[in-house]
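Below is one structure, written out as structure tokens; comments come after it.
The values are calculated or read from the model by the stated rules, or taken from the named source; none is laboratory data. All figures in this text were calculated on a predicted structure; none of them were measured in a lab. Quick reminder, even Gly has a Cβ in these numbers, built from the backbone with ideal geometry, and neighbours come from all protein chains shown.
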């Protein structure tokens, strides 16, 4: 099934959009795949770019993040880009969420970096987030950072095939704290 992915800014304006294929929508996780060459429109920067790796997105309707794992053409893990974001909203073929500036990056060697702190701090200074929202979002980012460093589900650094096997045959809701 063809889908449209829409990342919105914290206040609902278009941020990024691109096409994806549904891998699975019947599990606790919605999983999508974007192939090499997929064109992404970056509305806030007014640019377009093409993906140079296979990107697999994992979303839930309950968690305050989503994950994009990038793989080379042979299916080997390259990196994860984890967005602190609203839970997924689905409207027909459109998957949509609000992006809250903070991101966690995971390298293939397991290195974990909190990213876009300067953007988040600028948004806080501009009044985009209340004090309680700021505290909550920083806590979400830190929780993701700790769990991603441990490589526990859903923050996996395995191959594309390993991820799909776990999603299809495992019980992800029971394996959140089980190391890969």
request  = Scan the range 40-48 and give yes if some residue there is over 21 Å from residue 98 (Cα atoms), in contact (Cβ under 8 Å) with a residue 12 or more places away in the chain and outside any strand (DSSP E or B), otherwise no.
outcome  = no
request  = Report the residue count in the range 118-128 for those that are farther than 16 Å from residue 65 by Cβ and touching a residue at least 12 places away in the same chain (Cβ under 8 Å).
outcome  = 3
task = Quickly run through the range 73-99 and pick out the residues that are without any contact (Cβ under 8 Å) to a residue 40 or more places away in the chain and surrounded by 15 or more Cβ atoms within 10 Å (Cβ to Cβ).
result = 78, 79, 81, 86
ask   = Somewhere in the range 113-125, is a residue surrounded by fewer than 17 Cβ atoms within 10 Å (Cβ to Cβ), touching a strand residue (DSSP E or B) at 6+ places or on another chain (Cβ under 9 Å) and modelled with pLDDT under 90?
value = no
message = For the range 14-30, check the following and say yes or no: at least one residue is within 22 Å of residue 138 (Cβ to Cβ), at pLDDT 95 or above, in a strand (DSSP E or B) and under 11 Å from the mean Cα position of the chain (by Cα).
response = no
